[in-house]
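Everything below concerns the one structure shown next.
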Amino acid sequence: DALAALSLARGREEVRPDSVFLLGHSLGGMLAPEIAQRDGNLTGVAILAAPARPFLDVLRDQLEYVASLQSSGTPARRQLDSILTEVDRAATGEMDEEEPILGVRRGYWRELEMVKPVSTALALSVPILVLQGGRDYQSTPGDFRLWEEGLAGREGVAMKLYPHLNHLFAPGEGKATPSEYTSQVKHVDPEVIS
(Lines give C-alpha, C1' and ligand atoms only; values in the text may rest on other atoms or scores of the structure.)
Protein backbone atom coordinates (compact mmCIF):
# COMPACT_ATOMS: atom_id res chain seq x y z
CA ASP A 1 0.00 0.00 0.00
CA ALA A 2 2.82 2.41 0.84
CA LEU A 3 4.53 1.70 -2.48
CA ALA A 4 1.25 2.30 -4.31
CA ALA A 5 0.83 5.60 -2.43
CA LEU A 6 4.33 6.69 -3.46
CA SER A 7 3.56 5.79 -7.08
CA LEU A 8 0.30 7.72 -6.88
CA ALA A 9 2.10 10.75 -5.43
CA ARG A 10 4.66 10.70 -8.25
CA GLY A 11 1.84 10.70 -10.79
CA ARG A 12 0.25 13.87 -9.41
CA GLU A 13 0.61 16.97 -11.56
CA GLU A 14 1.69 19.15 -8.63
CA VAL A 15 4.43 16.71 -7.50
CA ARG A 16 7.93 16.56 -8.96
CA PRO A 17 8.41 12.79 -9.29
CA ASP A 18 12.15 13.10 -8.67
CA SER A 19 11.62 14.92 -5.33
CA VAL A 20 9.43 12.61 -3.25
CA PHE A 21 10.24 12.14 0.43
CA LEU A 22 8.75 9.52 2.73
CA LEU A 23 7.77 10.39 6.30
CA GLY A 24 6.86 7.63 8.72
CA HIS A 25 5.63 8.08 12.29
CA SER A 26 5.77 5.45 15.06
CA LEU A 27 5.29 2.01 13.48
CA GLY A 28 5.28 3.81 10.10
CA GLY A 29 8.69 5.25 11.00
CA MET A 30 9.95 1.81 11.93
CA LEU A 31 8.83 0.53 8.51
CA ALA A 32 9.96 3.61 6.54
CA PRO A 33 13.49 2.33 5.83
CA GLU A 34 12.12 -0.91 4.37
CA ILE A 35 9.53 0.97 2.32
CA ALA A 36 12.29 3.28 1.05
CA GLN A 37 14.48 0.31 0.19
CA ARG A 38 11.68 -1.42 -1.71
CA ASP A 39 10.74 1.80 -3.53
CA GLY A 40 14.29 2.73 -4.50
CA ASN A 41 13.36 6.17 -5.91
CA LEU A 42 12.96 8.44 -2.90
CA THR A 43 14.77 11.72 -2.33
CA GLY A 44 14.89 11.23 1.44
CA VAL A 45 13.29 9.63 4.48
CA ALA A 46 11.97 11.21 7.69
CA ILE A 47 11.62 8.86 10.67
CA LEU A 48 9.53 10.25 13.54
CA ALA A 49 9.12 8.59 16.95
CA ALA A 50 10.07 5.18 15.58
CA PRO A 51 10.92 2.11 17.62
CA ALA A 52 14.30 0.56 16.88
CA ARG A 53 13.84 -2.59 19.00
CA PRO A 54 11.97 -5.84 18.32
CA PHE A 55 8.32 -4.88 18.33
CA LEU A 56 7.13 -7.31 21.02
CA ASP A 57 9.68 -5.70 23.38
CA VAL A 58 8.26 -2.29 22.47
CA LEU A 59 4.68 -3.49 22.97
CA ARG A 60 5.55 -5.07 26.34
CA ASP A 61 7.19 -1.85 27.57
CA GLN A 62 4.20 0.22 26.45
CA LEU A 63 1.72 -2.10 28.17
CA GLU A 64 3.76 -2.27 31.38
CA TYR A 65 3.93 1.52 31.54
CA VAL A 66 0.21 1.98 30.94
CA ALA A 67 -0.53 -0.78 33.50
CA SER A 68 1.64 1.02 36.06
CA LEU A 69 -0.74 3.99 35.80
CA GLN A 70 -3.72 1.81 36.82
CA SER A 71 -4.63 0.74 40.35
CA SER A 72 -4.15 -2.94 41.03
CA GLY A 73 -7.34 -5.00 40.72
CA THR A 74 -9.26 -2.54 38.52
CA PRO A 75 -10.90 -3.85 35.33
CA ALA A 76 -8.45 -1.82 33.22
CA ARG A 77 -5.45 -3.24 35.09
CA ARG A 78 -6.77 -6.82 34.79
CA GLN A 79 -7.24 -6.34 31.04
CA LEU A 80 -3.70 -4.97 30.64
CA ASP A 81 -2.29 -7.86 32.71
CA SER A 82 -4.14 -10.30 30.44
CA ILE A 83 -2.66 -8.70 27.32
CA LEU A 84 0.81 -8.79 28.90
CA THR A 85 0.34 -12.54 29.43
CA GLU A 86 -0.50 -12.90 25.71
CA VAL A 87 2.62 -10.94 24.76
CA ASP A 88 4.75 -13.18 27.00
CA ARG A 89 3.25 -16.31 25.43
CA ALA A 90 4.00 -14.93 21.97
CA ALA A 91 7.57 -14.00 22.89
CA THR A 92 8.29 -17.51 24.21
CA GLY A 93 6.73 -19.22 21.19
CA GLU A 94 3.80 -20.70 23.14
CA MET A 95 1.21 -18.98 20.97
CA ASP A 96 -0.22 -20.41 17.76
CA GLU A 97 0.24 -18.28 14.60
CA GLU A 98 -3.47 -17.57 14.30
CA GLU A 99 -4.04 -16.70 17.97
CA PRO A 100 -4.62 -12.97 18.34
CA ILE A 101 -2.79 -10.38 20.38
CA LEU A 102 -4.84 -7.20 20.58
CA GLY A 103 -7.14 -8.70 17.95
CA VAL A 104 -4.34 -9.29 15.42
CA ARG A 105 -2.99 -12.74 14.52
CA ARG A 106 0.37 -13.76 15.97
CA GLY A 107 1.90 -14.04 12.47
CA TYR A 108 1.57 -10.27 12.02
CA TRP A 109 3.58 -9.60 15.17
CA ARG A 110 6.18 -12.19 14.11
CA GLU A 111 6.63 -10.32 10.81
CA LEU A 112 7.18 -7.08 12.74
CA GLU A 113 9.81 -8.79 14.90
CA MET A 114 11.83 -9.52 11.76
CA VAL A 115 11.99 -5.83 10.78
CA LYS A 116 15.49 -4.40 11.30
CA PRO A 117 14.86 -0.68 10.81
CA VAL A 118 18.28 0.68 11.79
CA SER A 119 20.35 -1.68 9.66
CA THR A 120 17.97 -1.19 6.73
CA ALA A 121 18.25 2.60 7.12
CA LEU A 122 22.04 2.34 7.25
CA ALA A 123 22.02 0.72 3.81
CA LEU A 124 19.92 3.48 2.21
CA SER A 125 21.67 6.00 -0.03
CA VAL A 126 19.27 8.92 0.58
CA PRO A 127 19.30 11.55 3.36
CA ILE A 128 17.60 10.52 6.61
CA LEU A 129 16.00 12.70 9.28
CA VAL A 130 15.24 11.10 12.67
CA LEU A 131 13.14 13.01 15.23
CA GLN A 132 12.07 11.89 18.70
CA GLY A 133 10.10 13.30 21.63
CA GLY A 134 11.84 13.02 24.98
CA ARG A 135 8.58 12.41 26.88
CA ASP A 136 7.50 9.56 24.61
CA TYR A 137 6.65 6.23 26.28
CA GLN A 138 5.70 4.47 23.04
CA SER A 139 8.97 4.99 21.19
CA THR A 140 11.43 6.03 23.83
CA PRO A 141 14.58 8.13 24.00
CA GLY A 142 16.27 4.72 24.32
CA ASP A 143 15.04 3.90 20.81
CA PHE A 144 16.41 7.26 19.65
CA ARG A 145 19.84 6.31 21.08
CA LEU A 146 19.70 3.05 19.09
CA TRP A 147 19.06 5.07 15.93
CA GLU A 148 21.97 7.38 16.85
CA GLU A 149 24.36 4.51 17.49
CA GLY A 150 23.29 2.56 14.41
CA LEU A 151 23.54 5.51 12.03
CA ALA A 152 26.67 7.06 13.59
CA GLY A 153 29.19 8.00 10.94
CA ARG A 154 26.74 7.67 8.04
CA GLU A 155 26.67 10.80 5.92
CA GLY A 156 23.36 12.50 5.23
CA VAL A 157 21.77 11.82 8.62
CA ALA A 158 20.23 14.53 10.82
CA MET A 159 18.81 13.66 14.23
CA LYS A 160 17.05 15.64 16.92
CA LEU A 161 15.57 14.82 20.31
CA TYR A 162 12.92 17.25 21.63
CA PRO A 163 12.98 16.83 25.45
CA HIS A 164 9.53 18.36 26.15
CA LEU A 165 7.53 16.63 23.40
CA ASN A 166 5.47 13.43 23.50
CA HIS A 167 4.86 10.70 20.91
CA LEU A 168 2.68 13.08 18.89
CA PHE A 169 5.33 15.82 19.14
CA ALA A 170 3.09 17.93 21.37
CA PRO A 171 4.53 19.78 24.38
CA GLY A 172 4.00 18.90 28.02
CA GLU A 173 5.68 18.15 31.33
CA GLY A 174 6.80 14.82 32.76
CA LYS A 175 6.42 11.46 31.07
CA ALA A 176 3.42 11.39 28.74
CA THR A 177 0.28 9.37 29.52
CA PRO A 178 -2.42 7.95 27.24
CA SER A 179 -4.98 10.43 28.62
CA GLU A 180 -2.77 13.30 27.49
CA TYR A 181 -3.56 12.43 23.87
CA THR A 182 -7.27 12.97 24.34
CA SER A 183 -7.51 15.52 27.16
CA GLN A 184 -7.03 18.54 24.93
CA VAL A 185 -6.13 19.27 21.34
CA LYS A 186 -2.44 19.95 20.97
CA HIS A 187 -0.72 20.56 17.70
CA VAL A 188 2.68 19.39 16.56
CA ASP A 189 5.26 21.76 17.97
CA PRO A 190 6.21 24.43 15.37
CA GLU A 191 9.92 23.64 15.89
CA VAL A 192 9.30 20.11 14.58
CA ILE A 193 7.47 21.47 11.53
CA SER A 194 10.28 23.92 10.72
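Sub-8 Å Cβ pairs linking a first residue in region 92-109 that is more than 18 Å from Leu63 (Cα to Cα) to a second residue that is open to solvent by 60 Å² or more (accessible area, probe 1.4 Å) and part of a strand (DSSP E or B), at least 6 apart or interchain, are Glu97/Arg105; Glu98/Arg105; Glu99/Arg105, ordered by first then second residue. For region 46-73, the tally of residues that are without any contact (Cβ under 8 Å) to a residue 60 or more places away in the chain, more than 30 Å from Leu23 (Cα to Cα) and either touching a Pro at 6+ places or on another chain (Cβ under 6 Å) or open to solvent by 40 Å² or more (accessible area, probe 1.4 Å) (or both) stands at 5.
Among residues belonging to region 180-194 that are touching a residue at least 12 places away in the same chain (Cβ under 8 Å) and hydrophobic (A, V, I, L, M, F, W, C), point out the one that is surrounded by the most Cβ atoms within 10 Å (Cβ to Cβ). In this case the residue turns out to be Val192. Of the helices (runs of 4 or more DSSP H) that lie entirely inside region 68-181, those containing 1 or more residues that are hydroxyl-bearing (Ser, Thr, Tyr) span 75-91, 106-113, 117-122. Filtering region 87-112 to residues that are surrounded by 15 or more Cβ atoms within 10 Å (Cβ to Cβ) and modelled with pLDDT of 85 or more leaves only Leu112.
Being open to solvent by 70 Å² or more (accessible area, probe 1.4 Å) and closer than 26 Å to Leu168 by Cβ is the filter here, so list the residues in region 9-24 that pass it. Correct list: Phe21, Leu23.
Cβ separations smaller than 8 Å between residues 6+ apart or across chains give no pair from region 1-17 residues that are touching a residue at least 40 places away in the same chain (Cβ under 8 Å) to residues that are of a type in the set (S, T, N, Q) and open to solvent by 60 Å² or more (accessible area, probe 1.4 Å).
The values are calculated or read from the model by the stated rules, or taken from the named source; none is laboratory data. Since the structure is predicted, the reported quantities are computational estimates derived from the model, not experimental observations. Don't worry about glycine lacking a Cβ; one is built from the backbone with ideal geometry, like all the others, and counts go over all protein chains shown. Side chains included, ligands, DNA and RNA excluded: accessible areas come from the protein's heavy atoms. Shrake-Rupley method; radii C 1.70, N 1.55, O 1.52, S 1.80 Å.
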